[in-house]
1. Determine whether the range 46-55 contains at least one residue that is over 24 Å from the mean Cα position of the chain (by Cα) and among the polar types (S, T, N, Q).
2. Would you call A21 touching a residue at least 24 places away in the same chain (Cβ under 8 Å), aliphatic (A, V, I, L, M), surrounded by 15 or more Cβ atoms within 10 Å (Cβ to Cβ) and not in a loop (DSSP other than H, G, I, E, B)?
3. Give me the pairs, please: first residue somewhere in the range 68-94 and under 21 Å from M1 (Cα atoms), second residue anywhere and surrounded by 12 or more Cβ atoms within 10 Å (Cβ to Cβ), beta-carbon distance under 6 Å, and either six or more positions apart or on two chains.
4. Counting just the residues of the range 105-122 that are part of a helix (DSSP H, G or I) and either surrounded by 12 or more Cβ atoms within 10 Å (Cβ to Cβ) or in contact (Cβ under 8 Å) with a residue 24 or more places away in the chain (or both), which one comes out nearest to the chain's Cα centre (by Cα)?
5. Would you confirm, using the coordinates I've provided, whether V70 is under 30 Å from A30 (Cα atoms) and surrounded by 10 or more Cβ atoms within 10 Å (Cβ to Cβ)?
6. Just to be sure before I move on: is E77 in contact with a Leu (Cβ under 7 Å, 6 or more places away or on another chain) and either modelled with pLDDT of 95 or more or outside any strand (DSSP E or B) (or both) in the structure I sent?
7. Quick one: is A75 open to solvent by 50 Å² or more (accessible area, probe 1.4 Å) and either under 23 Å from the mean Cα position of the chain (by Cα) or of a type in the set (A, V, I, L, M, F, W, C) (or both)?
8. Here is a list: V114, V92. Which entry is modelled with pLDDT under 90 and in contact with a Pro (Cβ under 6 Å, 6 or more places away or on another chain)?
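The values are calculated or read from the model by the stated rules, or taken from the named source; none is laboratory data. Model, not experiment: these values are computed from the prediction. Glycine also receives a Cβ, built like all others from the backbone with ideal geometry; neighbour counts cover every protein chain displayed. What goes into the accessible areas is simple: the full protein's heavy atoms, side chains included, and nothing from ligands, DNA or RNA. Shrake-Rupley method; radii C 1.70, N 1.55, O 1.52, S 1.80 Å.
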Amino acid sequence: MGACRVFVQVGEGGSFTLGAAAAGVPRPVASRRIAALERHLGGLLFDRSGRRAALTPFGRDLLPSARRLVDLADALEYDAEQARLRPLAFAVPEICPVRPLAQLDAAACELVMVLAFRPRWA
């Protein structure tokens with residue numbers, strides 16, 4: 001996914017330096033990721049002969065799909081975060097001491113989990 005993200009940022013920005021910064025990676029890492037993606041896809045994505053990172057026809061054809069892939073990955077990460085924050089319900093007998101529940105809740109918070117304790121009558 002990192003290679004696609006770099007490809008999209010460089011392709012939309014027209015610069016390896018700006019694209020690397022937007023993707024949050026150093027320029028040499030961005031160059032290596034693009035080169036690996038080119039090997040994987042079987043064609044050059046950029047014409048590196050000029051000062052700007054100009055997309056090749058192959059790169060122009062693939063950029064929309066790469067953008068969709070990055071958008072889907074972002075959506076997946078957002079959905080995963082929301083799922084982690086969804087409370088996990090526990091039925092707790094009313095005879096259960098509060099201190100162990102508080103300790104369990106604190107441990108869950110450290111793991112970015114939300115617990116919802118519900119009373120359970122015997």
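1. yes
2. Numbers: touching a residue at least 24 places away in the same chain (Cβ under 8 Å): no; aliphatic (A, V, I, L, M): yes; surrounded by 15 or more Cβ atoms within 10 Å (Cβ to Cβ): yes; not in a loop (DSSP other than H, G, I, E, B): yes.
Against the criterion (touching a residue at least 24 places away in the same chain (Cβ under 8 Å), aliphatic (A, V, I, L, M), surrounded by 15 or more Cβ atoms within 10 Å (Cβ to Cβ) and not in a loop (DSSP other than H, G, I, E, B)), A21 does not qualify.
3. Final answer for the pair search is L69/C4; V70/C4; V70/R5; V70/V8; A73/M1.
4. In the first step, residues of the range 105-122 are kept if they are part of a helix (DSSP H, G or I); the result is 105-110.
Now restrict to residues that are either surrounded by 12 or more Cβ atoms within 10 Å (Cβ to Cβ) or in contact (Cβ under 8 Å) with a residue 24 or more places away in the chain (or both): 105, 108.
Numbers: D105: 27, A108: 23 Å.
My answer is A108.
5. Numbers: under 30 Å from A30 (Cα atoms): yes; surrounded by 10 or more Cβ atoms within 10 Å (Cβ to Cβ): yes.
Yes.
6. Values: in contact with a Leu (Cβ under 7 Å, 6 or more places away or on another chain): no; either modelled with pLDDT of 95 or more or outside any strand (DSSP E or B) (or both): yes.
In short, no.
7. Numbers: open to solvent by 50 Å² or more (accessible area, probe 1.4 Å): no; either under 23 Å from the mean Cα position of the chain (by Cα) or of a type in the set (A, V, I, L, M, F, W, C) (or both): yes.
So A75 fails the test.
8. It is V114.
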